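Asker: Okay, here's the structure, questions in a sec.
The values are calculated or read from the model by the stated rules, or taken from the named source; none is laboratory data. Quick caveat, the model's predicted, so the values are computed rather than measured. Here the Cβ is made from the backbone with ideal geometry for all residues, glycine too, and neighbour counts use every protein chain on show.
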Amino acid sequence: MPTAVRRTARSRQFPSAHQPGRILPEHEWLPSASCRVVDPELFFPSGRETASRADEEAAKRICRGCPVREPCLAVAIRGQEQIGVWGGMTTAERRRLAVEARRLQTLGQEEAGRLLAGEAVPVAATSRPAVVFHLVSAGWQEAAIADAMGLSPDSVRTLRNTAENAAAFRHLVPAVDEEDEAESFGAAA
Ligand code: SF4
């Protein structure tokens, strides 16, 4: 999105975090952005804060083939961009990713350790993806996790997917000691 939008007059309305070099050396990756020749309306709808679902999906398809998806997503997450598709994710998806990535850093280790030791441990909903992630990392199968946590196998698979998606991108999310828990990103569970 950044390149596509910056090609238009609307770029002047963009938040300051979009300015080149503000967060990452954008000049190194913006020239390779797949969206640089695409209608920016797909990524940043004018006159409204949210895009249509069809536009979002079209933008995400472009992002999936973009060679600079990761730095683009990092800019959006660290700049707490509130509008548009960046790096193949909507604002809501980036919020969820940031929240789950931070939870992986801070939650679930104690509960996972106690479950591994055979204890029956209640696990708060906010900690479940992290606990599942730690148990999978310790070699547990989904069926064993479901049994230990009192969840259905489908629930465990969903929690695992959530956690593994966050783990794949957590290097893009500021560490908890760099920034307070995602409150400043307007995060919601
Ligand atoms: S990941 Fe998407 S929004 Fe980011 S530069 Fe590439 S095409 Fe544009």
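Asker: Restricting attention to the stretch 62-98, report how many residues are under 13 Å from the mean Cα position of the chain (by Cα), buried (at least 19 other Cβ atoms within 10 Å of the Cβ) and aliphatic (A, V, I, L, M).
Answerer: 9
For every residue, the table says whether it meets (1) in contact (Cβ under 8 Å) with a residue 60 or more places away in the chain; (2) in contact with a Ser or Thr (Cβ under 7 Å, 6 or more places away or on another chain); (3) crowded, with 23+ Cβ neighbours inside 10 Å; (4) not assigned by TED's automatic domain parsing to the domain that holds residue 157.
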site	(1), (2), (3), (4)
108	no, yes, yes, no
112	no, no, yes, no
117	no, no, no, no
131	no, no, yes, no
135	no, no, yes, no
142	no, no, no, no
146	no, yes, no, no
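Asker: Return the pair list, or none, for Cβ contacts closer than 6 Å from residues in the stretch 74-87 that are assigned by TED's automatic domain parsing to the domain that holds residue 52 to residues that are assigned to a strand (DSSP E or B) and within 8 Å of the ligand (Cβ to nearest atom), at least 6 apart or on different chains.
Answerer: 76/86
Asker: For the stretch 26-40, which residues satisfy the criterion of being of a type in the set (Ser, Thr, Tyr) and within 7 Å of the ligand (Cβ to nearest atom)?
Answerer: 34
Asker: So, one more: Output the number of the condition that residue 157 fails; it satisfies all remaining conditions of (1) touching a residue at least 40 places away in the same chain (Cβ under 8 Å); (2) closer than 29 Å to residue 57 by Cβ; (3) surrounded by fewer than 16 Cβ atoms within 10 Å (Cβ to Cβ).
Answerer: In the conditions (1) touching a residue at least 40 places away in the same chain (Cβ under 8 Å); (2) closer than 29 Å to residue 57 by Cβ; (3) surrounded by fewer than 16 Cβ atoms within 10 Å (Cβ to Cβ), residue 157 misses (1) alone.
Asker: Let me ask something additional. Of all residues in the stretch 51-61 being crowded, with 19+ Cβ neighbours inside 10 Å and closer than 14 Å to residue 35 by Cα, which is nearest to the ligand (Cβ to nearest atom)?
Answerer: Among residues in the stretch 51-61 that are crowded, with 19+ Cβ neighbours inside 10 Å and closer than 14 Å to residue 35 by Cα, the one nearest to the ligand (Cβ to nearest atom) is 59.
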